[in-house]
Structure formats: structure tokens, C-alpha cells
Amino acid sequence: MITKTVGGSGGPAPKIGFAQGEFRMPTLPPGSPQDIVVQARRAAATRLRIQGLTFERIATEHPELGYASRQHVREDVNRHLAQLAEERRQDAGTLVQAEVEKLDRLEAKLNGILDANGLTIRNGEVVTYRGEAVIDFAPAMQAAKILLDLSQRRARLLGYDQPVKVEQGGDVNLNVRYEYAGIDPEDV
């Protein structure tokens with residue numbers, strides 16, 4: 001077994017081991033010193049790959065990273081890229097959740113406007129008809145329009161409006177006969 005000691009400060013240096021050319025990534029607790037070293041190594045290999053180095057060159061020209069073969073480099077780079085993609089998905093999910101909560105607050109306020117009976121005001125006074133106050137429906141209509149817009153925004157944000165693939169089952173047998181006016185099919 002080849003063991004590569006990776007430098008660090010404070011306490012014993014973590015070791016990354018290889019057995020007969022096989023790399024087995026141990027399960028490490030998140031945030032542990034070993035996990036931090038592994039993440040740094042994966043990030044370094046990914047940066048080198050982005051700079052154009054092949055997996056083989058990373059393994060052979062950068063012994064400080066401790067890779068036994070190009071396959072190990074490839075696995076670590078792929079793991080690092082998958083981790084970055086997952087972090088972005090989580091960040092996007094957090095953003096979507098914040099937007100949904102904002103839409104919820106706006107919806108609650110607009111529902112209050114829908115439920116209220118607004119009075120028509122003219123020149124600072126309530127308009128009456130036959131002794132009854134005249135209800136102003138304009139604010140409720142505007143609130144309803146905005147609620148519809150919020151609903152559409154929520155549907156887009158949460159992916160409710162994605163197209164649905166519909167498959168048609170069964171055999172489709174098209175018996176089509178073409179006839180041309182003035183042409184006898186037997187002449188053709």
C-alpha cells in the first residue's frame with residue numbers, strides 16, 4: 001500500500017491511501033480535516049483539467065496531489081464537478097423557495113384587497129346612491145389581475161407549465177387512396 005502524506009497544520013497530517021493501483025475513497029465526515037484535504041485535492045485536479053492538462057499529465061506531473069493513475073484523477077474530477085453541480089442545484093432551490101415565499105406574502109396581501117369592500121371616493125367624500133355607499137370594484141379587479149400574474153409566475157418558477165409528453169398507443173393503420181380527377185388509375 002502506497003500512502004501519501006498530505007501537509008496540513010495542527011495535528012497529524014491526514015493520509016490518502018492507494019492499494020495496488022486501486023483508489024478507494026474512504027467515507028469522511030463532512031468538514032473533517034481529511035474531507036477538507038480531499039476536497040482541496042479534487043478542486044486542484046479540476047483546476048488543472050480546466051487549464052487543459054490531461055488526466056495522465058495531472059497524475060504524473062503533479063505528484064503532490066498523490067494520484068496513482070489517470071483513472072483516479074478522472075474519478076476525482078468527476079466527483080468534484082458533480083459536487084459543484086449539486087451545490088448549484090441546492091442554491092437554485094434556496095432561491096426558488098425564497099421567491100415562492102415572497103409570492104405567498106404578496107398573495108396574502110392581495111387576497112385582503114379582494115375581501116375588502118372598497119368605497120368609491122370622489123373629491124374626498126364617499127359617493128352614495130339612494131343613501132347607500134357605492135362600492136368601488138376597481139381595486140378588487142386590479143388585485144385579481146395581479147393574483148393571476150402571481151399564479152402564472154409561481155407555475156413557471158415551480159415548473160408546472162412544462163410540456164407533457166403524450167404517447168398514443170395502439171396500431172395506426174392508414175389506408176389512403178388517392179384519386180385524381182380525370183385520370184383513370186389503371187392508365188397509370
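Every number in this text was worked out from the coordinates using simple rules, so none of it is lab data. Remember, predicted model here, so these are calculated numbers, not experimental data. Cβ: placed from backbone, ideal geometry, glycine included. Neighbour counts: every protein chain shown.
Short to long, the 10 Å bins of the Cα pair-distance histogram for the range 94-158 hold 20, 36, 23, 14, 6, 0 percent of all pairs. Sorting the Cα pairs of the range 75-188 by distance into bins of 5 Å, from 0 upward, gives 2, 8, 9, 9, 8, 7, 7, 7, 6, 6, 6, 6, 5, 6, 4, 2, 1, 0 percent per bin. Taking amide hydrogens as placed 1.01 Å from N in the peptide plane, the amide H of LEU119 sits under 5 Å from those of ASP136, each at least 5 positions away in sequence or on another chain.
Under a straight-distance cross-link criterion of Cα-Cα below 12 Å, which aspartates and glutamates are reachable from LYS145, leaving out those fewer than 8 residues away in the same chain? Result set, ordered by chain and number: GLU107. For the range 88-188, the set of chymotrypsin sites (Phe, Trp or Tyr not before Pro) satisfying both a DSSP loop assignment and a count of at most 14 other C-beta atoms within 10 Å is given as PHE137, TYR160, TYR178, TYR180.
Label zone of VAL127 (point 7 Å out along Cα→Cβ, amide N under 20 Å): in the range 83-114 this covers 114. The alpha-carbon positions of the range 56-127 define a convex hull whose volume is 139 Å³ per residue.
Take the Cα of ALA82, step 7 Å toward its Cβ, do the same at LEU106, and the gap between the two points is 3.8 nm.
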